[in-house]
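Trainee: Pasting a structure below so you can have a look.
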Amino acid sequence: MKLSRLSLFPVATEINSQGHLAIGGCDVVEVASLFGTPLYIFDEQTLHTRCREIRSEFEQRYSNSVVIYACKAFIHPILVSLLNEEGLGLDIVSGGELSIARAADFPMDKVYFHGNNKSQKELEIALEWGVGRIVVDNIYELHLLNQVAERRATTANILLRISPGVDPHTHRYISTGVLDSKFGFPITTNQAEEALKMAISCPHLNLLGLHFHIGSSIFDPEPYREAIRITLQFAAMMRQTYSLELQELNVGGGFAVAYTIEDPPCPIASYAETITSSLIEQTRELGLPAPQLIIEPGRSISAPAGVALYTIGGEKEIPGVRHYVFVDGGMGDNIRPPLYGARYEAMVANKAHDKESENVTIAGKFCESGDILIHDIMLPPLKAGDILALPVCGAYSLPTASNYNGAPRPAVVMVKGGESHLIRRRETYEDLIQYDIKRVD
Ligand SMILES: Cc1ncc(COP(=O)(O)O)c(C=O)c1O
């Protein structure tokens, strides 16, 4: 089934009487002229809708489910507060993300701290601030955390990140549960068992369960079934050998979203059905008590809520070869296309009804030939000043944005009920040198 381009935009997107795109009741062309471009718009209603849909699909099938949002997809204090309102927890991967969550008064006991190289300082603040779970990734961290907890005369609640050896058939940069990965303890090499034995023997660690994350943008839910089967078999063996009771099972994130009209993913309900049914069946078969189920989606919550806006500038047409059209952003605010060949759709916000009659390639303004946002897309005839809107840009673009080529990072706006609010101001040229020491005598 092919989707329509409009359906990739946030939930309440429409084309208004002027033929302009309107998101959250706001005319996109007006928003662009008010705040400038490149600009990222987040639609508040879409964020609420995604949180509710994911919670409901899992909770109706498995009541002891907890949904936590993976902040790496996009983090902002207002988003963190919204997630709290929606009853979600948070997956953070650094002291920096943790401090943003804390600044937004997010309840620390609902925070899960991931990462393959947490520093002593990060572990110290995690314990000081009362982070709910620390997901231990390697032996070095296991010992370090035990020592930090001992010095603080406390016990850290932990999950062990294991690597189940399942290939989710996604891009290798976002495939994390295979044997050759920097994350987690592999089961097949017995390193998971070694780590578990050690964790149980550490007096300042309280091992509550296991975690895996097999990858991101996983279109077919079946690899989750396989990973759950392998992990629960491991848990059953560990129960027999070390009397470990698996209280919590965190199956990571990774649910795919549609970036283009060609690639509709399966609905959240299918992921929920596969994950919960395999958990129920496998625990029953293995005689294990049913653990709490934790899922940690990032992309599937924030990506569909975000839209990137660019202004069209110059162009270069090479007869019989290619028609490049240039925009005022590119790989500095969205590295995904050059990094792993990510594909996007676009609409011209001020020509939303016009016929898509020209094949163009949308290139950014950065000094790299690879700075192409979209290869070969049919769009209405474009001219300088038109506003190009790329849907599904709310995950992994802003958090990976850079100042490459001295580009100030874009502003971010939240829209809702016909109002647009600036939630992150555009960087200025002064910002570019704010951390630099101007003179060394
Ligand atoms: C441990 C962990 N959990 C959750 C996620 C979120 O994945 P996604 O944004 O694809 O849902 C990631 C992403 O890399 C991750 O590494």
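Just so it is clear, none of the values below were taken in a lab; they were calculated from the coordinates. No experiment lies behind these values; they were computed from the predicted model shown. Note that each Cβ is placed from the backbone with ideal geometry, even for glycine, and that neighbours are counted across all protein chains shown.
Trainee: What span do the alpha-carbon atoms of the range 114-297 cover on each of the three principal axes, reported in whole Å from largest to smallest?
Mentor: Principal extents (Cα only, largest first): 54, 36, 29 Å.
Trainee: So, one more: Just want the ordering: 110, 316, 438, from fewest to most Cβ atoms lying within 10 Å of their own Cβ.
Mentor: 438, 316, 110
Trainee: Highest mean first, what order results for 318-329, 55-66, 207-218 on Cβ atoms within 10 Å?
Mentor: Packing order, densest peptide first, comes out as 207-218, 55-66, 318-329.
Trainee: Rounded to the nearest 500 deg cm²/dmol, what is the calculated helix-only ellipticity per residue at 222 nm for the chain, with -39500 (n - 2.57) per DSSP H run of length n ≥ 4?
Mentor: Result for the chain, helices only: -8500 deg cm²/dmol.
Trainee: Further, regarding this structure: Compute the projected area of the convex hull of the Cα atoms of the range 185-278, averaged over all viewing directions, and report it in nm² to one decimal place.
Mentor: Computing the convex hull of the Cα atoms and averaging its projections yields 6.9 nm².
Trainee: For 52, 409, which order do you get if you count the other beta carbons within 10 Å of each Cβ and list the fewest first?
Mentor: By the 10 Å Cβ count, ascending, the order reads 52, 409.
Trainee: Report the antiparallel proportion of the DSSP beta bridges in the chain as a percent, rounded to a multiple of 5.
Mentor: Here the share of antiparallel DSSP bridges comes out near 45 percent.
Trainee: Compute the relative contact order of the range 114-297 as a whole-number percentage, counting only Cα pairs closer than 8 Å that sit 6 or more residues apart in sequence.
Mentor: Here the relative contact order equals 19 percent.
Trainee: A further question follows. Rg and Dmax of the chain, using alpha carbons, in Å: what are they?
Mentor: Gyration radius and largest Cα-Cα distance of the chain: 23.1, 72 Å.
Trainee: How large is ³J(HN,Hα), in whole Hz, for each residue of the range 382-391 in order, when computed from phi with the Karplus curve 6.51 cos²θ - 1.76 cosθ + 1.60 and θ = phi - 60°, using x for Gly and Pro?
Mentor: Once θ is set to phi - 60°, the couplings for the range 382-391 become 9, 9, 3, x, 5, 10, 9, 10, 9, x Hz.
Trainee: Note down the relative contact order for the range 53-182 as a percent, whole number, built from C-alpha pairs under 8 angstrom at least six residues apart.
Mentor: 16 percent
Trainee: State the antiparallel share, in %, of DSSP beta bridges confined to the range 114-297, rounding to the nearest 5.
Mentor: 5 percent
Trainee: Next up: Using all Cα-Cα distances in the range 28-119, what percent lands in each 10 angstrom bin from 0 up to the longest?
Mentor: Here the calculated profile for the range 28-119 is 15, 40, 30, 13, 2.
Trainee: Given the convex hull of the Cα atoms of the range 237-354, what is a quarter of its surface area in nm²?
Mentor: If I average the Cα hull's projected area over directions, I get 12.1 nm².
Trainee: Filter 72/365; 72/118; 355/416; 72/383 down to the pairs with a C-alpha to C-alpha distance above 24 Å, please.
Mentor: Result: 72/365; 355/416; 72/383 exceed 24 Å.
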